[in-house]
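Each remark here refers to the structure printed beneath this line.
The values are calculated or read from the model by the stated rules, or taken from the named source; none is laboratory data. Since the structure is predicted, the reported quantities are computational estimates derived from the model, not experimental observations. Cβ placement follows ideal geometry from the backbone for every residue including glycine, while neighbour counts extend to all protein chains displayed.
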Amino acid sequence: MLERGMVETIAAALSAHGLILRGGFNFAGGEGTPSGLSGAAARSVLLVGQAGAAPWPHFLRWLEKQSQPIDDSLDRWSRGVIGAVAEKFGARAVSPSDRPYLPFQQWAMQAEGLKPSPLGILMHPQYGLWHAYRGALLFENEIALHERRDVIHLCDTCLEKPCLKSCPVAAYSADGFVHETCLAHVRGQNGGPCRTGGCLDRNACPYGIDYRYPAEVQAFHMAAFAR
Ligand code: SF4
Ligand code: SF4
């Protein structure tokens, strides 16, 4: 059993890089359970992520020290930091960009009780849409966790839903997201506001604004999306 004290020590190691633990749970077992460090089935998972853009200055300091341009630099930084923490605490580190994809969104929903917004991003009662998952730690023993509290899903109380009304090409709608429509606009001559300030729909959400990513961070993510 991984004791609470150990979980707090892991959280402290991550916080040195602007990262936080985003909850966790013990696997029920059965098909689909990922493997742990030894290759045996994992018994538990801790999600690792961020609230707002807290890791950004840590990432930039790392990036400045690199001798040449790096593809998928934020992913590489996240893997390095989370991998080192995993090694120290006997876990297997995994990433949302691993192939085949791991069910990060399902894990996140189970760990924190969040539900998707109309944009697909999970809606957090404090951070709004301004948070992310950067990786997870898989353990081969169970974790002693606090019981998860019920979480309000703010989208249920949001009648106006400005996140579905602000995109100039209506790429998000009640019917879902049209990736090609969004991408063409972001890359096109009228896509400047999205490229420099981020998705207008995401920015229209009134919740979690204290955690909203600065424009330079949103521009970084948008450049990666539109590449
Ligand atoms: S604008 Fe309303 S519906 Fe859209 S993500 Fe925010 S809270 Fe949810
Ligand atoms: S990034 Fe721009 S084009 Fe894409 S959904 Fe958001 S507002 Fe629309």
Check the range 189-207 and report whether any residue there is touching a strand residue (DSSP E or B) at 6+ places or on another chain (Cβ under 7 Å) and more than 14 Å from ligand 2 (Cβ to nearest atom).
yes
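Matching residues to (1) within 16 Å of ligand 1 (Cβ to nearest atom); (2) under 17 Å from Ala51 (Cα atoms):
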| position | (1), (2) |
| --- | --- |
| Ile70 | no, no |
| Ser78 | no, yes |
| Gln110 | no, no |
| Lys115 | yes, yes |
| His124 | yes, yes |
| Trp130 | yes, yes |
| His146 | no, no |
| Ser166 | yes, no |
| Ala170 | yes, no |
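Each row is one residue, and each column tells you yes or no for (1) touching a residue at least 40 places away in the same chain (Cβ under 8 Å); (2) hydrophobic (A, V, I, L, M, F, W, C); (3) more than 8 Å from ligand 2 (Cβ to nearest atom).
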site: Asp150; (1), (2), (3): no, no, yes
site: Cys155; (1), (2), (3): yes, yes, yes
site: Pro162; (1), (2), (3): yes, no, yes
site: Ala171; (1), (2), (3): no, yes, no
site: Thr181; (1), (2), (3): no, no, no
site: His185; (1), (2), (3): no, no, no
Taking Leu102, is it more than 26 Å from Met6 (Cα to Cα), touching a strand residue (DSSP E or B) at 6+ places or on another chain (Cβ under 7 Å) and in contact (Cβ under 8 Å) with a residue 12 or more places away in the chain?
no
Note on the range 68-79: residues in contact (Cβ under 8 Å) with a residue 12 or more places away in the chain and over 16 Å from Phe225 (Cα atoms) are Trp77, Ser78, Arg79
Selection status of Ala86, touching a Ser or Thr at 6+ places or on another chain (Cβ under 7 Å), at negative phi and modelled with pLDDT of 95 or more:
no
Might you check whether a residue that is over 21 Å from Asn141 (Cβ atoms), among the aliphatic types (A, V, I, L, M) and without any contact (Cβ under 8 Å) to a residue 24 or more places away in the chain occurs anywhere in the range 27-45?
no
Leu183 - would you say it is within 15 Å of ligand 1 (Cβ to nearest atom) and of a type in the set (A, V, I, L, M)?
no
Filter the strands (runs of 3 or more DSSP E) completely within the range 1-94 down to those with at least 1 residues that are surrounded by fewer than 16 Cβ atoms within 10 Å (Cβ to Cβ).
none
Just give me the residues in the range 21-50 being farther than 13 Å from Glu112 by Cα and within 15 Å of the chain's Cα centre (by Cα), in sequence order.
Gln50
So, in the range 135-155, of the ones that are of a type in the set (A, V, I, L, M) and outside any loop (DSSP other than H, G, I, E, B), which residue ends up farthest from Met6 (Cα to Cα)?
Leu154
Enumeration of residues in the range 106-145 that are touching a residue at least 24 places away in the same chain (Cβ under 8 Å), away from ligand 2 (no atom under 16 Å from the Cβ) and out of contact with any strand residue (DSSP E or B) (no Cβ under 9 Å at 6 or more places or on another chain)
Pro125
Given the condition touching a helix residue (DSSP H, G or I) at 6+ places or on another chain (Cβ under 7 Å), in a loop (DSSP other than H, G, I, E, B) and not aromatic (Phe, Trp, Tyr), answer yes or no: does some residue in the range 101-113 qualify?
no
